[in-house]
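> Have a look at the structure that comes next, please.
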Amino acid sequence: MADPVAPAVTGTAGPGERCGGMERTGAIWLVTNPASGSNDDKALEALKRLCSDSGCHVARTIRFPAEPLPDPDALDAAGIELVGVFAGDGTINALVTGLYGWKGAILVLEGGTMNLLYHRLHGEASMEQVIAAVAGGKARRVRPSLVRSAHGDSLAGLLAGPGTAWNEVREAMREGDMAALADEAAAAIEESTSAPMVACVEPALGRPEGYPLIMLTPQGGAIEVRGYHSETVTDYINQGIALLRRNFREGPHDFLGKVDHLRIAGVARQGFGLSVDGESRDGGPEEEFELAACEVDLLATAADDR
């Protein structure tokens with residue numbers, strides 16, 4: 001398959017420059033979300049010190065969603081050409097898609113639970129290594145592939161099917177609402193085991209009877225498709241726990257192939273749930289997904305698009 005949207009590399013910084021525009025002001029804005037997996041106040045202060053030690057001053061910290069995300073006009077007015085984001089996939093998605101068309105660059109940091117996009121861009125490098133590479137002009141601008149749908153763009157991974165009901169459990173867990181957690185877990189088990197499944201119909205991939213959960217991952221210039229199946233209630237519960245931990249790749253599944261376009265349908269012609277970078281959406285009886293490219297530059301330090 002041809003790779004129509006391979007990561008667009010605009011080059012590394014030249015001698016004496018710093019990638020992402022830091023050579024002009026030495027300052028960045030940093031977006032964080034206190035509800036994300038690993039960015040409490042202590043971790044945030046440590047990150048700011050790390051940036052400062054590398055010659056990059058965090059001029060402003062934006063705590064989303066209590067504060068609105070920056071838009072291109074605000075960044076340009078402040079002379080900011082690099083925005084760091086220290087949060088989970090949902091916040092990263094909102095920031096990146098909200099900055100489509102901006103001329104600056106975004107640095108994705110390891111501030112969530114699974115950090116799927118971070119690892120696509122930086123491999124297994126630590127944040128210390130990533131920030132040192134950016135400060136030293138060794139990062140490059142890329143526009144990685146993503147999964148596009150009528151419900152939004154997904155940079156980390158998109159889930160479809162009744163198994164996405166476990167997202168509501170994750171939200172109750174995040175908010176510490178134990179009563180809601182029990183109710184949502186019971187509802188998720190019921191939804192996962194009894195709701196109509198979803199199937200890949202164009203092209204036809206995997207089981208005709210469908211799956212409770214299909215995962216689409218943008219990777220290496222293609223959409224990788226996996227169908228997750230469970231044979232018993234215990235399997236569904238275990239898969240749900242994996243979803244809560246954002247370990248999508250755990251559990252029994254079929255690798256269905258790589259595509260650049262896919263249509264998924266509810267087997268019973270009913271609407272089905274979607275999760276776009278961890279954020280819940282309501283899908284119709286059929287949904288179209290296609291490979292596209294990110295519309296703003298992200299900084300990458302890994303050798304390739306993972």
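Where a number appears in this text, it was derived from the coordinates with a stated rule and is not lab data. Bear in mind the structure is a predicted one, so any value in this text is a computation, not a measurement. Ideal geometry is used to build each Cβ from the backbone, glycine not excepted, and the neighbour counts take in all protein chains shown.
> If each residue's Cβ is checked for other Cβ atoms within 10 Å, how do Asp277, Asp297, Asp73, Asp260 rank with the fewest at the top?
Asp73, Asp260, Asp297, Asp277
> Take the Cβ-Cβ distance between Ala59 and Lys258 as r, set R0 to 30 Å, and report the resulting FRET efficiency rounded to the nearest 0.05.
The computed FRET efficiency comes out at 0.10.
> Quick one: Cα convex hull volume of segment 20-138, Å³ per residue?
Taking the convex hull of the Cα positions in segment 20-138, it is 95 Å³ per residue.
> Would you please give the FRET efficiency between Ala35 and His119, computed as 1/(1 + (r/R0)^6) with r the Cβ-Cβ distance and R0 = 30 Å, to the nearest 0.05?
0.90
> Rounded if a/c is under 1.5, else prolate if a/b is larger than b/c, else oblate: which is segment 71-131, with a ≥ b ≥ c the root eigenvalues of its Cα gyration tensor?
Cα axes put segment 71-131 in the prolate bin.
> Once fully extended, how much extra length lies between Ala78 and Glu286, figured as 0.36 nm per residue of separation less the alpha-carbon to alpha-carbon distance?
In short, 70.5 nm is gained.
> Taking a point 7 angstrom from the Cα of Glu202 along the C-beta vector, which residues in segment 251-283 have backbone N less than 15 Å away?
260-266
> Provide Ser280, Ser149 in ascending order of the number of other Cβ atoms located within 10 Å of each residue's Cβ, fewest first.
Ordered from fewest to most neighbouring Cβ atoms within 10 Å, Ser280, Ser149 come out as Ser280, Ser149.
> Still on this structure: Return the FRET efficiency for the residue pair Ala303, Glu209: r is the Cβ-Cβ distance, R0 is 41 Å, and the value is rounded to the nearest 0.05.
Once the sixth-power term is evaluated, E becomes 0.50.
> Now for a different question. Hey, which lysines would be in cross-link range of Lys103, C-alpha to C-alpha under 22 Å, not counting anything within fewer than 8 residues on its own chain?
Result set, ordered by chain and number: Lys138.
> Give me the one-decimal nm value for the distance between modelled label points at Ser126 and Ala268, 7 Å along each residue's Cα-to-Cβ direction.
It is 5.2 nm.
> Order the peptides 58-71, 205-218, 78-91 from the highest to the lowest mean number of other Cβ atoms within 10 Å of their residues.
The packing order, highest mean first, is 78-91, 205-218, 58-71.
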